[in-house]
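Worksheet for the structure shown next.
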Amino acid sequence: MKNYTLNTKNLSSISERVSVPKYDRSKIKTGIVHVGIGGFHRAHEAFYTDQLLHDPSQSDWGICGVALLEFDTKIYHTLKKQDGLYTLIVKELDGTQTTQVIGSITEYLYAPENSMAVIEKMADPDIKIISLTITEGGYNYDEAKKGFNFCNPLIQHDLAHPKTPKTIFGYVTQSLNLRRNRGLKGCTIQSCDNIQENGHMIKNMLLSYVKVAEPTLVEWIEKNVSFPNAMVDRITPVTSEADILNLKETFGIEDAWPVVCEPFKQWVIEDNFIEGRPAWETVGAQFVTNVVPYEKMKLSLLNAGHSVLGILGALLGYKTIDEAVRNPNISDFLMTYMDTEVTPILGNLEGIHLNEYKQSLLERFGNVNIKDQIDRICSESSAKIPIFILPTVHAQLKQKGSVQLAAFVIAAWAIYSLGKDEKGTVLERKDALQTLLNEKAHEAINAPITFLEIESVFGKLKESSTFVEAYTNAYNSILKDGVEQSVIEINTNNLTQSK
Ligand code: CS2
């Protein structure tokens with residue numbers, strides 16, 4: 001079999017082997033600038049948009065992918081070499097796979113190389129939407145200050161060098177300023193990150209920055225820019241070398257960075273697009289007036305569920321999420337957490353069958369073909385835990401509900417932050433707060449509460465005696481008996497109580 005490098009020139013030959021875009025990519029106009037072209041965007045928004053572009057009435061919604069950070073250089077060069085094309089491999093539970101080439105990214109820019117080009121593109125009147133997957137940490141929110149973190153050196157850089165920014169805040173501010181100065185219309189800024197009320201979050205953080213960087217722009221933004229909230233979902237593990245090789249061996253396609261994902265996908269979006277929007281509802285997205293309950297459900301069950309499995313699983317020496325969930329003690333613990341600590345805070349979710357949803361999560365986590373890496377899940381936990389788990393803790397404390405299992409996970413995270421699993425193997429960790437986490441984790445060996453002193457993560461949680469007691473008990477129990485034995489004990493106690 002002849003091998004083909006994935007690019008426009010080879011697309012018709014490739015179309016004999018896997019499905020490729022059936023629309024003429026050269027006729028697509030760019031209407032969206034997307035920042036953060038990692039795996040998740042390419043499995044989600046870019047996938048939905050690719051389906052949509054098959055409808056000729058929607059040809060104004062091509063995507064210009066922006067690689068914002070130096071770290072993104074590899075994906076930028078890959079997409080550039082492949083004319084924006086990439087392969088999406090959907091791995092079903094039963095082992096079957098669907099392989100298709102996605103064509104919705106029709107332009108790509110690398111911000112560190114040419115910041116003005118990115119600013120100009122974002123200010124282009126054809127661009128109606130600037131969408132973002134910049135990760136939880138990218139919003140620059142500080143839990144201790146309950147607001148924008150101006151101490152971040154990158155933010156200081158952007159304030160000092162507005163024409164060559166490094167953060168999303170610097171870029172968006174400059175481009176909106178150009179729109180205003182040129183008498184152009186505004187646009188929609190659409191967050192696609194896992195944050196409760198992500199639209200409000202980006203609005204608040206952006207306005208905090210603009211108030212200092214370009215104060216006269218605040219009012220214009222309030223009138224001309226909209227920030228819809230959205231819930232996004234599709235499990236997308238890190239692409240492995242084996243995936244790349246497999247694609248080449250099975251289909252003769254040489255793609256330097258294909259994306260692998262699960263079949264499930266969900267996108268629930270608040271219909272608040274000031275300059276119009278793609279008809280994503282025709283390809284499976286849901287537009288609703290209030291997305292907040294959906295977001296809450298997904299973040300506190302799916303994402304928190306991931307963190308539970310990831311942190312406990314890492315200590316037990318597992319490498320992937322499916323391994324962790326196949327341990328019945330761990331999956332029982334997760335189910336108990338979802339039932340007794342999360343469900344009571346969710347309120348009434350109209351039209352959603354919560355029990356089915358929770359059950360389906362266990363199935364999705366258990367997809368052996370996905371092999372979602374525990375290292376991926378545990379990375380940047382200092383930004384994830386305040387979003388995925390702590391809101392549940394606060395709500396439960398408020399209504400005097402149980403926080404025992406959540407406290408157990410936080411204690412396990414403190415022990416995970418010592419850097420080794422229970423067998424003594426070094427853990428591959430990655431976290432913006434790594435140094436601080438290491439320091440506090442070591443101090444916590446003698447005084448577990450010290451870990452809760454990381455205010456930018458925990459805020460004032462250490463003042464709750466109920467939480468501290470549960471956390472300290474869990475910490476001591478894990479150190480003494482190990483994760484599995486401690487989990488068995490909690491599961492048994494819960495079983496006896498529920499009888
Ligand atoms: C994961 C998410 O990063 C994480 O910890 O929970 O990336 C998760 O896989 C996605 O949100 C699924 O929609």
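The values are calculated or read from the model by the stated rules, or taken from the named source; none is laboratory data. Being a predicted model, the structure only gives us computed values, none of them experimental. Ideal geometry is used to build each Cβ from the backbone, glycine not excepted, and the neighbour counts take in all protein chains shown. Quick note on the areas: whole protein, heavy atoms, side chains included, nothing else; ligands and nucleic acids left out. Shrake-Rupley method; radii C 1.70, N 1.55, O 1.52, S 1.80 Å.
Cross-link partners for Lys423 among the lysines, with Cα-Cα distance under 22 Å and sequence neighbours closer than 8 places in the same chain left out: Lys319, Lys371, Lys440, Lys480. If both residues of a DSSP beta bridge must be in region 4-288, then about 30% of such bridges are antiparallel. Under a model in which nothing but the beta-carbon of Lys, Arg (+1) and Asp, Glu (-1) is charged, region 4-288 shows a dipole of about 760 debye around its Cα centre. Between Thr164 and Leu354, the modelled labels are 5.3 nm apart [label points 7 Å from Cα along Cα→Cβ].
Specify the inter-centroid distance of region 337-361 and region 110-146, based on alpha-carbon positions, in whole Å. Going from one Cα centre to the other spans 34 Å. Annotation for region 1-36 versus region 441-499: alpha-carbon center distance of 51 Å.
Only one residue of Gly347, Val118, Thr435 has its Cα farthest out toward the positive end of the dipole of the chain, where Lys and Arg carry +1 and Asp and Glu -1 on Cβ, and that residue is Val118.
First compute the accessible area of region 36-164 with a 1.4 Å probe, then give the percent of it belonging to carbon and sulfur atoms.
Details: 2800 of 5080 Å².
Ligands and nucleic acids excluded, carbon and sulfur reach 55 percent.
Here the Karplus relation 6.51 cos²θ - 1.76 cosθ + 1.60, evaluated at θ = phi - 60°, turns the backbone of region 352-360 into coupling constants of 10, 8, 4, 5, 5, 4, 5, 4, 5 Hz, with x for every Gly and Pro.
Reported to the nearest whole Å, the Cα centre-to-centre distance from region 81-105 to region 169-196 is 30.
If the viscosity is 0.890 mPa s and the temperature 25 °C, what translational diffusion coefficient in µm²/s does Stokes-Einstein give for region 292-498 when Rh comes from Kirkwood over Cα pairs?
Working: Rh = 16.9 Å.
It diffuses with D of about 145 µm²/s by this estimate.
To the nearest 0.05, how large is the calculated FRET efficiency for Asp481 and Phe150 if R₀ is 45 Å and r is the Cβ-Cβ distance? For Asp481 and Phe150, the calculated efficiency is 0.50. Need one word for region 76-151: rounded, prolate or oblate. Basis is the Cα gyration tensor (sqrt eigenvalues a ≥ b ≥ c); a/c below 1.5 gives rounded, then a/b vs b/c decides. It comes out oblate by the Cα gyration axes. Each 20 Å bin from zero holds the following percent of Cα-Cα pairs in the chain: 23, 55, 22, 0.
Suppose every Lys and Arg Cβ carries +1 and every Asp and Glu Cβ carries -1, with no other charges. What dipole size does the chain come out with about its Cα centre, to the nearest 20 debye? Don't skip to the answer; put the middle values down first.
On the way: 49 positive and 61 negative charges, 167 e Å.
Here the size comes out at about 800 debye.
In Å², and per residue, what accessible area does the chain have when probed at 1.4 Å with the other protein chains present? Spell out each step's value before the answer.
Numbers: 20460 Å² over 499 residues.
With the other protein chains kept in place, the chain gives 41 Å² per residue.
Only helices enter this figure: runs of n ≥ 4 DSSP H residues, each worth -39500 (n - 2.57), summed and divided by the residues of the chain, yield -13000 deg cm²/dmol at 222 nm to the nearest 500.
P(r) for region 210-264, from all Cα pairs and a bin width of 5 Å, is 4, 15, 14, 11, 9, 6, 7, 11, 11, 8, 5, 1 %, short bins first. For Gly147, the residues whose modelled amide H falls within less than 5 Å of its own, excluding neighbours fewer than 5 places apart on the same chain, are Asp142.
Assigning unit charges at the beta carbon (Lys, Arg +1; Asp, Glu -1) and nothing else, what dipole magnitude in debye, to the nearest 20, does region 92-242 show about its Cα centre?
The dipole magnitude comes to about 800 debye.
Straight Cα distances below 16 angstrom link Lys296 to the aspartates and glutamates Glu136, Asp193, Glu197, Asp233, Glu270, Asp339, Glu341, Glu350, with same-chain residues fewer than 8 positions distant left out. Label point of Thr250 set 7 angstrom out along Cα-Cβ; within region 1-44, amide nitrogens under 12 Å from it belong to 18-19. Return a whole-number percent for the relative contact order of region 77-185, with Cα pairs under 8 Å and 6 or more residues apart as the contact set. For region 77-185, the relative contact order is 20 percent.
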